[in-house]
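Q: Can you keep this structure in mind? I'll have questions shortly.
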Amino acid sequence: MTLKTPEEYFKSIQHPVNLYMFGEKVEEFWNHPIIKPSINTVMKIYELAQMDEYKDLMTTTSHLTGDTINRFTHIHQSVDDLIKKVKMQRLLGQQTACCFQRCVGFDTANALYSITYEMDKKNGTEYHNRFKKYWIEVQSQDLMVGGAMTDTKGDRSKRPKDQPDPDAFLHIVEERDDGIIVRGAKIHQTGYLNSHRAIIMPTLSLRPGEEQYAVSFGVNTNEKGITLVYGRQSCDTRKMELGKLDVGNFKYGGQEIFVIFDNVYIPNDQIFMNGEIEFAGKLVNRFAGFHRQSYGGCKVGVGDVLIGAASLITEYNGTEKASHIRDKLVEMVHLNETLYSCGIACSSLGFQREAGNFEMDMLLANVCKLNVTRFPYEIGRLAEDLAGGLICTMPSEADFKSEEIGHLIEKYLNTSEETCAEDRYKVLRFIENLTMGLASVSYRTESLHGAGSPQAQRIMISRQADLTEKKKLIKKILDIDLK
Ligand code: SF4
Ligand code: FE
């Protein structure tokens, strides 16, 4: 059986890593209260894949082995696969209300699959078969794979080769007969710690003289020479408190890691690009396209939960019947479904690459993500509007549960006989958490910068826009010379 149970997954990540948080080394990260919710989130993926109800979305058949695999390890074989990917991501967003972390490696694999094929075709290399072999291992062990793209980039006005510190972009520092040695850092690494392996990619298009930066490879996440530093998130120490309600979403969470590679050895059979500068930019854009498609699913699922929370709090507040409240909820749904429409649309217009796999429509994937940089902010603003100012003035759970004053807070937080003050407290904290606290990383900042900042999507949209064709349209209608 290729599918891991959630418990098997949990056991399988219990290995030593060189991890730091708050200036201290962390042992047994899987038991750390700040990290555990992010592991629960990934366990949910493994759990749903075991359930008959979700089998069609969460699992599929490998085109490489014919075995049943988790969809997060699949190489898309049809437009239907592309659509199911987005539906699966919405489902997981609905079930966890946060970033579930496993899409980055998924999107990397789908980009590398065709890029390695095209590199081999042009240069006679053997990356494609090597990658397929590597990926069969991932599928057959149901591994979680991270995808690492973003370098620290040093001085943004300078090219990688002109940086005062050459490590500002991850690069090859030594070539050996049996492999390479790499150095540098990758930041914003979603779910890296919860992954068994990671695939590293270049961060931008490269030019002659920058061959040492054109490198892609697979690596075990705890390989010798790798240091991890846990990314802190707003209000994260609330997870260290005795109570759990102030955390908001106390079951699930995301995870971002600062990953430092200090002379890490990569054997030849894990290298998928080595110096092919003309393919670096293609890999970046193709990966980004797949990940921009992803956002039309995952953020929509989280949006569904936030809309549910906003609707529930109006019920608890006794305002749900007011027409302007209903209007705002409709507006939230409209914005959220627009994002979903973009995710489904770029999948529906997917096409087959020469390598045989299917890819989303690049223009619509970028339109999807550009909308994601805006709409969740508006949905969040409307949720705050409907919840009221209590989301950021409410006393702590310790006060709410205090023997001396707890009854007073409860008395004044009660709204009606049908409403339980603690339930109201929970929902208000959830909205606070998602719009401005811990989970705002997953829903807001990640919507803005994840899969590339808005300007990156504008550049891709302008490249795909084909204004010459559009000018021809108007010329034809007005009988203007077409030349
Ligand atoms: Fe997946 Fe969304 Fe998280 Fe990216 S931001 S890893 S697409 S859940
Ligand atoms: Fe992301």
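The values are calculated or read from the model by the stated rules, or taken from the named source; none is laboratory data. From a predicted model like this one, the values you see are computed outputs, not experimental measurements. When we count neighbours, we look across all protein chains shown, and the Cβ atoms used for this are built from the backbone with ideal geometry, even at glycine.
Q: Among the candidates 387, 365, 383, which residue alone is under 17 Å from the mean Cα position of the chain (by Cα) and either outside the structural domain of residue 414 (by TED's automatic domain parsing) or among the aliphatic types (A, V, I, L, M) (or both)?
A: Working: 387 fails: under 17 Å from the mean Cα position of the chain (by Cα); 383 fails: under 17 Å from the mean Cα position of the chain (by Cα).
None of the other options fit; the residue is 365.
Q: Scan segment 397-423 for residues that are of a type in the set (Gly, Ala, Ser) and either farther than 20 Å from residue 315 by Cβ or in contact with a Ser or Thr (Cβ under 7 Å, 6 or more places away or on another chain) (or both) and report the count. Break it down into steps so the answer makes sense when it comes.
A: First, the residues of segment 397-423 that are of a type in the set (Gly, Ala, Ser): 398, 402, 406, 416, 421.
Now narrow it down to the ones that are either farther than 20 Å from residue 315 by Cβ or in contact with a Ser or Thr (Cβ under 7 Å, 6 or more places away or on another chain) (or both): 398, 402, 406.
Of the residues in that region, 3 qualify.
Q: Restricting the search to segment 115-127, which residues are in contact with a Ser or Thr (Cβ under 6 Å, 6 or more places away or on another chain) and within 14 Å of residue 218 (Cβ to Cβ)? Walk me through how you get there before you give the answer.
A: Initially, segment 115-127 is screened for residues in contact with a Ser or Thr (Cβ under 6 Å, 6 or more places away or on another chain), giving 119, 127.
Selection gives 127 alone.
Q: When you look at residue 434, is it closer than 23 Å to residue 292 by Cβ and touching a helix residue (DSSP H, G or I) at 6+ places or on another chain (Cβ under 8 Å), yes or no? So that I can check it myself, show each step before the final result.
A: Details: closer than 23 Å to residue 292 by Cβ: yes; touching a helix residue (DSSP H, G or I) at 6+ places or on another chain (Cβ under 8 Å): yes.
When the stated conditions are applied, residue 434 passes them.
Q: Considering only residues of segment 433-452 that are of a type in the set (S, T, N, Q), within 16 Å of ligand 1 (Cβ to nearest atom) and touching a residue at least 40 places away in the same chain (Cβ under 8 Å), which is nearest to residue 302 (Cα to Cα)?
A: Kept after step one, since they are of a type in the set (S, T, N, Q), are these residues of segment 433-452: 433, 435, 440, 442, 445, 447.
Cutting the leftovers down to within 16 Å of ligand 1 (Cβ to nearest atom) gives us 440, 442, 445, 447.
If we keep only those that are touching a residue at least 40 places away in the same chain (Cβ under 8 Å) too, we end up with 440, 442, 447.
Details: 440: 11, 442: 9, 447: 11 Å.
So the residue we want is 442.
Q: Can you say whether residue 63 is more than 22 Å from the chain's Cα centre (by Cα), within 20 Å of residue 108 (Cβ to Cβ) and outside any helix (DSSP H, G or I), as far as the supplied structure shows? Reasoning before the result, please.
A: Details: more than 22 Å from the chain's Cα centre (by Cα): yes; within 20 Å of residue 108 (Cβ to Cβ): yes; outside any helix (DSSP H, G or I): yes.
Yes: the conditions hold for residue 63.
Q: A further question follows. Inside segment 22-58, can you point out the residues that are assigned to a helix (DSSP H, G or I) and acidic (Asp, Glu)? I'd like the intermediate steps shown before the answer.
A: Taking segment 22-58 first, the residues assigned to a helix (DSSP H, G or I) are 29-31, 36-49, 52-58.
The answer is 47, 52, 53, 56.
Q: So, in segment 20-34, exactly how many residues are in contact with a helix residue (DSSP H, G or I) (Cβ under 8 Å, 6 or more places away or on another chain) and either closer than 15 Å to residue 196 by Cα or surrounded by fewer than 21 Cβ atoms within 10 Å (Cβ to Cβ) (or both)? Show your work before the answer.
A: From segment 20-34, those in contact with a helix residue (DSSP H, G or I) (Cβ under 8 Å, 6 or more places away or on another chain) are 30, 33-34; that's our starting set.
Pick out the ones that are also either closer than 15 Å to residue 196 by Cα or surrounded by fewer than 21 Cβ atoms within 10 Å (Cβ to Cβ) (or both) and you get 30, 33.
Matching residues across segment 20-34 total 2.
Q: Being without any contact (Cβ under 8 Å) to a residue 40 or more places away in the chain, of a type outside the set (D, E, K, R) and either within 20 Å of residue 384 (Cα to Cα) or not in a loop (DSSP other than H, G, I, E, B) (or both) is the filter here; which residues of segment 399-432 pass it?
A: 406, 407, 408, 409, 412, 413, 414, 421
Q: Let me ask another. So which residues in segment 287-339 are of a type in the set (S, T, N, Q) and within 14 Å of ligand 2 (Cβ to nearest atom)? Step through it out loud before you land on a result.
A: Of all residues in segment 287-339, those of a type in the set (S, T, N, Q) come to 293-294, 311, 314, 317, 319, 323, 336, 338.
Residues satisfying the conditions are 293, 294.
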